[in-house]
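The values are calculated or read from the model by the stated rules, or taken from the named source; none is laboratory data. On a predicted model such as this, the values are computed, not experimentally measured, just so you know. Cβ coordinates were reconstructed from backbone atoms using ideal geometry, including for glycine residues, and neighbour counts include every protein chain displayed. Areas reflect the complete protein model, heavy atoms only, side chains present, ligands, DNA and RNA absent. Shrake-Rupley method; radii C 1.70, N 1.55, O 1.52, S 1.80 Å.
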Amino acid sequence: MCRRIKLEINRSGKLKRCRASGASGNNAAGKRKITAQLNDILLYIDKLNELDTKGVEPMSHAIGVTNAFREDKVAASIGTETTLANAPDVRAANSFACPK
């Protein structure tokens with residue numbers, strides 16, 4: 001495993017005030033496990049970087065997404081009485097009473 005990865009795990013653990021923990025807190029086995037996992041991730045990223053992506057447009061979603069917005073249109077309101085008709089408890093000032 002790369003020494004830089006080990007140093008970064010120790011440094012980031014100190015910055016975050018957390019530990020690479022196993023059953024007994026800050027131990028070598030926990031650090032080795034996290035280091036191995038991080039190393040696997042970095043190796044996979046290196047493998048992905050080998051792909052030829054020329055001519056491939058960047059995308060933000062795996063599938064095409066169209067704009068789901070609609071125009072704002074003024075419409076008639078259903079009114080306070082209709083809105084509060086099925087409320088279990090209505091307070092003065094025509095408002096819902098919600099349990100705490």
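What the table shows:
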quantity	calculated
Residue-level accessible surface for residue 46, protein heavy atoms, 1.4 Å, Å²	90
Contour minus Cα-Cα distance for residue 48 and residue 84 (0.36 nm per residue)	7.3 nm
In order through the range 44-50: 3J(HN,Hα) via Karplus (6.51 cos²θ - 1.76 cosθ + 1.60), integer Hz, x for Gly, Pro	5, 4, 4, 5, 5, 5, 6
Residue-level accessible surface for residue 65, protein heavy atoms, 1.4 Å, Å²	100
Set of aspartates and glutamates with alpha-carbon distance to residue 100 below 17 Å, sequence-local pairs under 8 removed	89
In nm, spacing of pseudo-spin labels at residue 40 and residue 59 (7 Å Cα→C-beta vector)	2.7
Computed accessible area, residue 96, all protein chains, 1.4 angstrom probe, square angstrom	110
